[in-house]
Amino acid sequence: MRRLNSRSGWQAWWYIQMPDIKEYLREVGKRIEKSLQRYLPAETEFPQKIHEAMRYSVFAGGKRLRPILVLECCRACGGAEQSAMPVACAFELVHTYSLIHDDLPAMDNDDFRRGLPTSHKKFGEANAILAGDALLACAFNLLAREATEPEIAQRVILELSAAAGSRGMVGGQVLDISEVPREGKEEYVKCLHEMKTASLIAAATRCGAIVADASAQDFSAVSQYGRYLGLAFQITDDILDVKSSTEAPGKSAGKDETLGRLTYPAVYGLEESRRSATELIGKAVSALEKFGPEAKHLRQIAEFVLTRES
Ligand code: GRG
């Protein structure tokens, strides 16, 4: 198995647990997919075309990292999976919308995503834009519809909308498609990654805590974990983009360089990028210090992010 870094100490210990966490993530992923099946309009519902396109991308086989983080942070803070499931699914819908739009000809112009033809390749550009729009609307509809406690729903909606909007993911995407500055590339790439990727991942961890009605200390701990994990996740994504062979299923490899995008390997080189990701994962795990075994899966997920191959 290809690894992003060499490990020692606690990392070696977690590495031994990898097969377990992969199996666990698959199991939780299946429960999330079952709920998504229920929450999304049926393919047979009029107008069938848009519902088919929405479902095509949602069920194309992603890792379900963001919804899993919602569920696991809720669990770590003493909440129940069932109460966090609608929130978890809303995060996956927003994430899938962002992938559909990210692949569009006006953005990254990608032909493949999650190992399948992208939405615009399968359904045409106009339908892909609309499928993304509809998934975004569907996410907030789900939060309002399934909410049991209005105050919690309001806090979750605030978090998700802020993370997905112009001060978060969309803002990061704007930086990503803008001309790269000549000076200050280090700050620029960090800011871009934090906005484009880490904001949604960190919001997922915070929303899990919100659903569990976590204490201020627990909320702050999972929030820090999410920020470090989110940045590390995008750095490992950059590294995988450089390292992956074009035969690997999923997004076309080497795309960032082709598009002239600013990435960690482009600014720091591969070795230093790996070192940064490892350091961030260490900080993410340290942020969970106050938790016991209830945060076991969150610690394992952090290590998974470092060693993932897709
Ligand atoms: C409104 C036009 C318009 C755009 C929306 C497109 C967009 C704004 C933002 C894009 C943000 C984006 C795609 C960030 C990339 C983050 C990333 C590393 C995605 C891959 O996540 P994984 O590996 O994917 O979790 P899977 O397939 O496993 O779910």
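The values are calculated or read from the model by the stated rules, or taken from the named source; none is laboratory data. This one's a predicted model, so the numbers in the text were calculated from it and none came from an experiment. Cβ sites come from the backbone with ideal geometry, for glycine too, and all protein chains shown count toward neighbours.
A few remarks follow.
- Scanning segment 266-310 for residues that are of a type in the set (Asp, Glu) and either modelled with pLDDT under 95 or surrounded by fewer than 19 Cβ atoms within 10 Å (Cβ to Cβ) (or both) turns up 271, 272, 279, 289, 294, 309.
- Of the residues making up segment 286-310, those that are more than 16 Å from the ligand (Cβ to nearest atom) and either over 19 Å from residue 71 (Cβ atoms) or in a loop (DSSP other than H, G, I, E, B) (or both) are 286, 287, 288, 289, 290, 291, 292.
- Residue match in segment 164-178 (condition: more than 9 Å from the ligand (Cβ to nearest atom), surrounded by fewer than 19 Cβ atoms within 10 Å (Cβ to Cβ) and part of a strand (DSSP E or B)): no
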